[in-house]
1. So ASP239 fits all but one of (1) of a type in the set (D, E, K, R); (2) at pLDDT below 95; (3) surrounded by fewer than 19 Cβ atoms within 10 Å (Cβ to Cβ); what number is the exception?
2. Counting only residues that are assigned to a loop (DSSP other than H, G, I, E, B) and within 18 Å of the chain's Cα centre (by Cα), which one in the range 306-325 is farthest from ALA89 (Cα to Cα)?
3. Tally the residues that are closer than 19 Å to ILE270 by Cβ and either at pLDDT below 95 or surrounded by fewer than 22 Cβ atoms within 10 Å (Cβ to Cβ) (or both), restricting the search to the range 111-139.
4. Determine the pairs where a residue that is more than 27 Å from VAL167 (Cβ to Cβ), located within the range 224-239, has a partner that is crowded, with 24+ Cβ neighbours inside 10 Å and polar (S, T, N, Q) with Cβ atoms under 7 Å apart, the partner being 6 or more residues away or on another chain.
5. Check GLY267, GLY238, GLY286, GLY281 and return the single one that is of a type outside the set (A, V, I, L, M) and out of contact with any strand residue (DSSP E or B) (no Cβ under 6 Å at 6 or more places or on another chain).
6. I'd like the full set of residues that are at pLDDT 95 or above and of a type in the set (Val, Ile, Thr), limited to the range 12-57.
7. Collect the residues in the range 167-210 that are touching a Ser or Thr at 6+ places or on another chain (Cβ under 8 Å), among the small types (Gly, Ala, Ser) and at pLDDT 95 or above, keeping them in residue-number order.
Amino acid sequence: MKEKQRGKASVIFQHPPFIIAAASVVGKKEGEGPLGQYFDQIEADSMLGKKTWEEAESELQTRAATLAIEKSGLKKEEIRYYFGGDLLAQLIATTFGVMNLEFPMFGIYGACSTMGEAMGLGSMVVEGGFADHVIVTASSHFASAEKQFRFPLEYGNQRPYSATWTVTGCGSVILSAGHGKNPLAKIAGVTTGKIVDMAFKDSMNMGAAMAMAALDTILTNFRDLAVDETYYDKIVTGDLGQIGRRLLLDYLVKAGYDIESRYMDCGIEIFRDETQDTHAGGSGCGCSASVLCAYLLPKIREGVWKRVLFVPTGALLSTVSYNEGKSVPGIAHAVILETCDGEQEG
């Protein structure tokens, strides 16, 4: 319906889907960071009992999805679709992670913006009446990502200070047409990002590569909804890290918006760089997904923040494109999360 469409790329739902459950599973390093107390499960073994890094990441998805379903109180059969993704070629972490769960599945790839893209699509399906309940999941693993995109761990390469540390983690949420007994938040709308290519070619500086995509999506959201930064209690990007953060804030000021007092980046929040040696911060699909599930959603449910613009960011490169001399385009997808204001079933 036209009344749901706003501006160039945004949608405001007439019947907002609810997030009725969320689960997060992370690795040891993430558990040692400042958000450690909030994660549902912290796995001390980075292999998660498996033989390969890729199998370990699949196990992250299995555990997070299973836990989210348990927390929702739903039977697995009540969930109609699975929206999920990861960073690996052909989404193999997702494929083997959810295969035994036997959900009808939409595999999603948006690089590190995957959680935002998947939540946007999942919420459209629920609000459109095509499903009563869907599950949305995104994961990453430090070792599997390093193996695919950079260097095997055995190589022992040095990382520049602009580099981010891929989060070993997974976040999973259940979206529902009904709000249940104690919903975490509702999805009021989404702003779908477009690919932004700044001809950037440094694969070890993802923050700079993604910053302009975040800028474009945030500005599009403001213009589509005829609002400014004060409309939101928090504006949260996925994994720009320290370098991307500064670029985003500076360019938003040039555009007439000062968001610094209400801004947060999941990649900065998840690690203590001064002691954990992650340089620019965290990254990966599992970064924004796990921080959303463990930290952001409980704050929204508690009413600490009434309205949050959640903007996972992604760098759209592959080993093929990068080694052929291509640039690193970026993309960012925004999800508007709001408190449910006591909307609970009796």
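1. (3)
2. So in the range 306-325, the residues assigned to a loop (DSSP other than H, G, I, E, B) come out as 306, 312, 316-318, 324-325.
In the following step, the residues that additionally are within 18 Å of the chain's Cα centre (by Cα) were identified as 312, 316-317.
Working: PRO312: 20, LEU316: 12, LEU317: 11 Å.
Among them, the one singled out is PRO312.
3. Qualifying residue count, the range 111-139: 2.
4. ASP224/THR191
5. None of the other options fit; the residue is GLY281.
6. ILE12, ILE19, ILE20, VAL25, VAL26, ILE42
7. Listed by number, the residues that qualify are GLY169, GLY171, SER172, SER176, ALA185, GLY189, GLY193.
Conditions tested, residue by residue: (1) assigned to a helix (DSSP H, G or I); (2) modelled with pLDDT under 95.
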position	(1), (2)
GLU59	yes, no
ARG63	yes, no
THR66	yes, no
GLU70	yes, no
LEU74	no, no
PHE83	no, no
ASN100	yes, yes
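The values are calculated or read from the model by the stated rules, or taken from the named source; none is laboratory data. Bear in mind the structure is a predicted one, so any value in this text is a computation, not a measurement. So basically every Cβ, Gly included, is an ideal-geometry build from the backbone, and we count neighbours across all protein chains shown.
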